[in-house]
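*Asks:* Provided herewith is a single structure, encoded as structure tokens, for subsequent inquiry.
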Amino acid sequence: ALTSDFLQSEPGPAVDVQIVPFYPVSLTTPGGGSGTVSPALASYLSNSVVTLTATPNSGWSFLRWEGDAAGTNNPLALTVNAPKTVRAIFGTPVARNVVGGGVVVFEPERAAYDFGSKLRAVAIPNAGAYFVVWSGALSGSTNAQELTVTQPGQTVSALFTALAGNQVSLVVRSFGPGSVTITPYKNAYTLGEVARLEAVPADGTNQFLVWAG
């Protein structure tokens, strides 16, 4: 305690000071929608409860929370007892369409794909047929193509046609981190042709294991 002129002092009674921290909350999304924090403040008093709300864009659906929140509840009550970073994940289905004799397989197979995730589409012909060309979300005649999901409601279409009497089809699928080069690349070969297959690991930490099929 000090006198008004600050020349004399005296120890005063003890005073307890409680310091209550404030914490920020960051809510982001890779895409496919938006998210809000309510109330919208720069930071929140420790142990405050805020409401997270995810709003999907047209053609997308909310899938889950990631980061410092989990689950599928929307809206979600979040207790702010530390700095929080949360991501709202949105997804969309990818349809497939087949013309001719064959099927299209997605790797991985999911009901809905996260925004920005990748899938591999493989066209597998029925006996007596071969894959010709992609259309829709993919293009070209190269089989086993990757699609990055950034648009809602996409459709992958594959055209198959019948083999000639002296032709056979070839489909090469790779499992794990790597790819296969085919020389010369064709979806249908004449009987007796030679195709050279080379398995290429994705990087130096992987290795080729075995052929099958």
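*Asks:* First measure r as the distance between the Cβ atoms of A95 and V20, then evaluate 1/(1 + (r/R0)^6) with R0 = 45 Å and state the FRET efficiency to the nearest 0.05. Kindly include the intermediate steps, with their values, before the conclusion.
*Replies:* Numbers: r = 52 Å, r/R0 = 1.16.
For A95 and V20, the calculated efficiency is 0.30.
*Asks:* What list of ³J(HN,Hα) couplings, whole Hz, do you get for the stretch 111-120 from phi and the Karplus terms 6.51, -1.76, 1.60, once you set θ to phi - 60° and write x for glycine and proline?
*Replies:* Values, residue by residue: 5, 9, 10, 4, 4, x, 6, 10, 10, 10 Hz.
*Asks:* Computed over the Cα atoms of the stretch 42-138, what is the convex hull's projected area averaged over all directions, in nm²? Kindly include the intermediate steps, with their values, before the conclusion.
*Replies:* Details: hull surface 32.4 nm².
Projected area, direction-averaged: 8.1 nm².
*Asks:* Report the FRET efficiency, 1/(1 + (r/R0)^6), for L209 and T85, where r is their Cβ-Cβ distance and R0 is 35 Å, rounded to 0.05. Write out the running numbers ahead of the final one.
*Replies:* On the way: r = 38 Å, r/R0 = 1.09.
Computed FRET efficiency for L209 and T85: 0.35.
*Asks:* With +1 on each Lys and Arg Cβ and -1 on each Asp and Glu Cβ, how big is the dipole of the chain about its Cα centre, in debye rounded to the nearest 20? Spell out each step's value before the answer.
*Replies:* Values: 10 positive and 12 negative charges, 202 e Å.
Computed charge dipole of the chain: roughly 960 debye.
*Asks:* Please compute the volume of the convex hull spanned by the alpha-carbon atoms of the chain and report it per residue in Å³. Present the calculation step by step, with values, prior to reporting the outcome.
*Replies:* Working: hull volume 46.0 nm³, N = 213.
Hull volume normalised by residue count: 216 Å³.
*Asks:* From the phi of every residue in the stretch 130-138, what ³J(HN,Hα) in whole Hz does the Karplus formula 6.51 cos²θ - 1.76 cosθ + 1.60 yield, where θ is phi - 60° and glycine or proline is x?
*Replies:* Here the 3J(HN,Hα) series is 8, 6, 10, 7, 8, 8, x, 6, 10 Hz.
*Asks:* Alpha carbon centre of the stretch 113-176 versus the stretch 1-74: separation in Å?
*Replies:* 48
*Asks:* Could I ask something else about it? Using heavy-atom solvent-accessible surface (probe 1.4 Å) with all chains present, what is the largest-first order of R120, R64, R96?
*Replies:* Values: R120 50, R64 70, R96 100 Å².
Final ranking, largest accessible area leading: R96, R64, R120.
*Asks:* Can I ask one more? Between T148 and S48, what FRET efficiency follows from the Cβ-Cβ distance if R0 is 41 Å, with the result rounded to 0.05?
*Replies:* On the way: r = 38 Å, r/R0 = 0.93.
Calculated value: 0.60.
The values are calculated or read from the model by the stated rules, or taken from the named source; none is laboratory data. Just so you know, these numbers come straight off a predicted model, no measurement behind them. Note that we place each Cβ from the backbone using ideal geometry, even for glycine, and neighbour counts take in every protein chain shown. Quick note on the areas: whole protein, heavy atoms, side chains included, nothing else; ligands and nucleic acids left out. Shrake-Rupley method; radii C 1.70, N 1.55, O 1.52, S 1.80 Å.
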